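Chemist: Take a look at this one; I'll ask things after.
Coordinate-derived values only; no laboratory data. Here the structure is a predicted model, which is why all the values come from computation and not from measurement. Cβ placement follows ideal geometry from the backbone for every residue including glycine, while neighbour counts extend to all protein chains displayed.
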Amino acid sequence: MKFNTKTIHGGQKHEEATGAVMPPVFFTSTYAQSSPGEHKGYEYSRGANPTRTALENSFASIEGGSHGFAFSSGLSAIDCVLRLLNPGDEIIAGDDLYGGTYRMFTRLFKKYGLEFSFVDMNSIENVTTKITEKTKLVWLETPTNPLMKIADIKAITTAVKEHNSDILVAVDNTFATPYLQQPLSLGADIVMHSATKYLGGHSDLVMGALMVNDEKLAEELHFIQFAAGAVAGPMDSFLALRGVKTLHIRMQRHCENGRAVAQFLQNHPKVGEVYYPGLENHPNHTIAKKQMKDFGGMVSFRLKDESKEAAFKFLENTHVFTLAESLGGVESLVNHPTTMTHASIPEPERLKIGITDSLIRLSVGIEDEEDLLADLDQALNL
């Protein structure tokens, strides 16, 4: 199947008892057994639920993987990956990460003996020079949140595996979605999504996802998920499966609008730097063009007036763009990373990588392009 067909049919089958085209929502915690240990594939819904199974099969299909897992949040999916490791293990991660990921790494798992190195992944050497005999995981986020950096997935994975083939490479693919890039096909071991975002697509659920191709790794992740219990519920699974079925057509419009917004901002007299990998002056444009089908709907920019007051004036006066956390829904959102999504990162670390008070992040939705540009223009010109 081609990708657009996979979003609708990949890994799916009609419900066996009734022939229902859409999987029913199985609101049940437990399942009848004909004899102790003899059942129809389901025992207890923490281990598996038919609605969640349908979604997980879809997740695996759209990422070109063999196994998919649906979690109660994106952070619980990341938590599951880190539980593969042991005290003393080392993780190399990008220096520009979602604030919640950074918080989990530094404030939760560091105290349990995991060691983290944060590097600029624009340079492969920055990654390889940090590899030691204790390195067990390399964590990529591309495009990054919020500075839209691009990591060369294939080149980094190849270099890491040449050092030690046992080192796992995981990619947070939330911003790109499987529509734009598929890290498993580029050599990654694990793909992670905050399915709250583009996979769900309608800002009505919280969910995480992992996709893998290795049977042994899948068994380990399933055991951790089952033992720790961070599973997606049946109703959220149903909503996410419905969202996935329109992922391809939504992403086409997100990309069209994202490109238009980035070009508009680049030419606006009150705007400084614009961060969008589809712009030819983006430092990683060539890599993005190589590994992505298009460039997505996430755009970050700075105002020329670098004061927090100027940023807040803009943020408080958009009308089509809603000031809110999160991203990836059909509606456009505007966000102030230093006070919202990345507030948990200490200010010196934020400033070191360029997350300043003048930085604004847009999640460009699927509204009419003219309305989006008019809204930005009026808020900028107040």
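Chemist: Can you tell me the orientation of helix 247-266 relative to the chain, as the angle in degrees between its alpha-carbon axis and the longest Cα principal axis, to the nearest 10?
Modeler: Tilt relative to the chain: about 20 degrees.
Chemist: In percent, how large is the relative contact order of the chain, given Cα pairs closer than 8 Å and 6 or more residues apart?
Modeler: 17
Chemist: Okay, moving on. Distance cut-off 23 Å, Cα to Cα: go down the list Lys111/Lys308; Lys2/Lys293; Lys111/Lys149; Lys245/Lys293; Lys6/Lys161; Lys134/Lys216 and report the pairs above it.
Modeler: Cα-Cα > 23 Å for Lys111/Lys308; Lys111/Lys149; Lys6/Lys161; rest within.
Chemist: Can you grab the distance from the C-alpha centre of segment 303-382 to the C-alpha centre of segment 131-195, Å, no decimals?
Modeler: For segment 303-382 versus segment 131-195, the Cα centre distance is 27 Å.
Chemist: Would you kindly compute the Cα radius of gyration of segment 205-290 and its largest Cα-Cα separation (Dmax), both in Å?
Modeler: 19.3, 55
Chemist: So what's the net charge close to Asn257: Lys and Arg +1, Asp and Glu -1, counting the other residues with Cβ under 9 Å from its Cβ?
Modeler: Net of charged neighbours comes to -2.
Chemist: Does anyone have the angle between helix 369-380 and the longest principal axis of the chain? Alpha-carbon axes, 0 to 90°, nearest 10?
Modeler: Compared with the principal axis, the helix lies near 50 degrees.
Chemist: Counting only Cα, what are the radius of gyration and maximum Cα-Cα distance Dmax of segment 239-327, in Å?
Modeler: 15.1, 43
Chemist: Given the alpha-carbon gyration tensor of segment 55-129, what are the semi-axes of its equivalent ellipsoid in whole angstrom, ordered largest first, with each equal to the square root of 5 times an eigenvalue?
Modeler: Three semi-axes, in Å: 24, 17, 12.
Chemist: Relative contact order for segment 180-319: what is it in percent, counting Cα pairs under 8 Å that are at least 6 residues apart?
Modeler: RCO, segment 180-319: 21 percent.
Chemist: Can you pull the semi-axes for segment 165-233, root of five times each eigenvalue of the Cα gyration tensor, sorted largest first, whole Å?
Modeler: Largest first, segment 165-233 gives 21, 18, 7 Å.
Chemist: A further question on this structure: Taking H as built 1.01 Å from N, whose amide H comes closer than 5 Å to the amide H of Tyr98, not counting residues under 5 places away?
Modeler: Hits under the 5 Å cutoff: Asn145.
Chemist: If you split all Cα-Cα distances of the chain into 20 Å bins from zero, what percentages do you get per bin, shortest first?
Modeler: Over the chain, the share of Cα pairs per 20 Å bin runs 29, 57, 14, 0 percent.
Chemist: Ratio of segment 1-117's C-alpha Rg to 2.2 N^0.38 Å, to two decimals?
Modeler: Taking the Cα Rg and dividing by 2.2 N^0.38 Å, one obtains 1.39.
Chemist: Something else now. Under the definition of Cα pairs under 8 Å and six or more residues apart, what whole-number percent is the relative contact order of segment 50-118?
Modeler: 29
Chemist: Counting each DSSP H run of 4 or more residues in the chain as -39500 (n - 2.57), what helix-only mean residue ellipticity at 222 nm follows after dividing by all residues, to the nearest 500 deg cm²/dmol?
Modeler: The per-residue figure over the chain is -10000 deg cm²/dmol.
Chemist: So which GluC sites (Glu not before Pro) in segment 104-139 end up in coil per DSSP with only 13 or fewer other C-beta atoms within 10 Å?
Modeler: Passing sites in segment 104-139 are Glu133.
Chemist: Computed over the Cα atoms of segment 261-382, what is the ratio Rg over Rh, Rh following Kirkwood?
Modeler: Rounded to two decimals, Rg/Rh equals 0.95.
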